[in-house]
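In what follows, a structure is listed as structure tokens, so that the remarks can point back to it.
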Amino acid sequence: MVTRRLATTGMAASLMLGWLAACPAQAVPHAVDTFSVVTGQGKARSTVAPAATAGKASTATPTTPVQWFEAFDDAIAAHKPTAADRVILSRPFNQEAERVQQWTETAAKVAKNYRELAKILHRMTPLPGMNGVKEYRDLTIDWYADAASIYEDLIKPRRPARTMEELEASLNEIKERAQSLNQTTGNLKAMDISLRKTFRVHLARYDDPLQQYVRSK
């Protein structure tokens with residue numbers, strides 16, 4: 001039962017997660033989610049639509065650094081959470097079983113998309129001469145894999161905590177992992193900007209107002 005996965009009977013707690021729905025290559029997070037652990041065993045119906053992607057990743061083989069980074073951006077944009085996903089993941093449960101169900105399904109979808117994205121990025125071999133890009137790609141892959149594992153750990157079945165101390169220890173462990181990823185996000189963003197400057201590539205196309213204007217024409 002979904003509420004058994006997210007709840008500890010007779011207890012309630014809040015866990016501050018890093019903004020794991022943000023994309024490290026495209027945006028530095030400025031907010032955090034609040035994950036509420038609620039009690040209750042009511043059955044909720046699903047209202048979350050099947051996973052939808054934000055765009056379609058390019059299938060053409062890049063021949064220039066610009067094309068490589070644009071394919072990189074497209075892959076991320078195609079797998080990042082939607083605006084609705086981010087709302088569902090950040091809102092409180094308010095003791096509502098339906099919200100718990102929506103959060104669980106959305107978290108599972110995001111984790112699945114992040115796992116798929118990590119595989120796609122792994123296949124994107126940097127062009128000869130793109131020094132430092134492979135390391136950046138690998139670190140980005142690690143970020144998405146780690147973010148996926150946090151969501152997966154939050155929704156997997158587990159036995160109820162026997163004491164408040166045990167519950168707090170479990171939540172603190174996940175919180176620390178989320179905070180670590182949150183800090184890594186800023187470092188990845190700085191690395192991304194530096195590499196694009198080196199190879200004379202525009203900013204991530206979905207965050208660059210100029211690129212958005214050009215692509216709209």
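Laboratory data are not the source of any read-out in this text; all were calculated from the coordinates shown. These numbers were taken from a predicted model, which means no experiment stands behind them. Glycine gets a Cβ as well: all are built from the backbone with ideal geometry, and neighbour counts include every protein chain shown.
What ranking of K197, K80, K112 emerges when the number of other C-beta atoms within 10 Å of each C-beta is taken as an exposure proxy, fewest first? Present the calculation step by step, with values, prior to reporting the outcome.
Values: K197 10, K80 24, K112 15.
Ranking K197, K80, K112 by Cβ neighbours within 10 Å, fewest first, gives K197, K112, K80.
DSSP loop (so not H, G, I, E, B), at most 16 other Cβ within 10 Å: list which GluC sites (Glu not before Pro) in the range 60-104 pass both filters.
Details: sites: E70, E96, E98; in loops: E96.
Of the GluC sites (Glu not before Pro), the ones in loops of the range 60-104 whose Cβ has at most 16 other Cβ atoms within 10 Å are E96.
Local charge sum around P65 (other residues, Cβ-Cβ under 14 Å, Lys/Arg +1, Asp/Glu -1)? Net charge around P65: +3. Any of K112/K156; K112/K175; K134/K175; K156/K189; K112/K197; K80/K189 with alpha carbons more than 23 Å apart? Name them for me. Over 23 Å apart, Cα to Cα: K134/K175; K156/K189; K112/K197.
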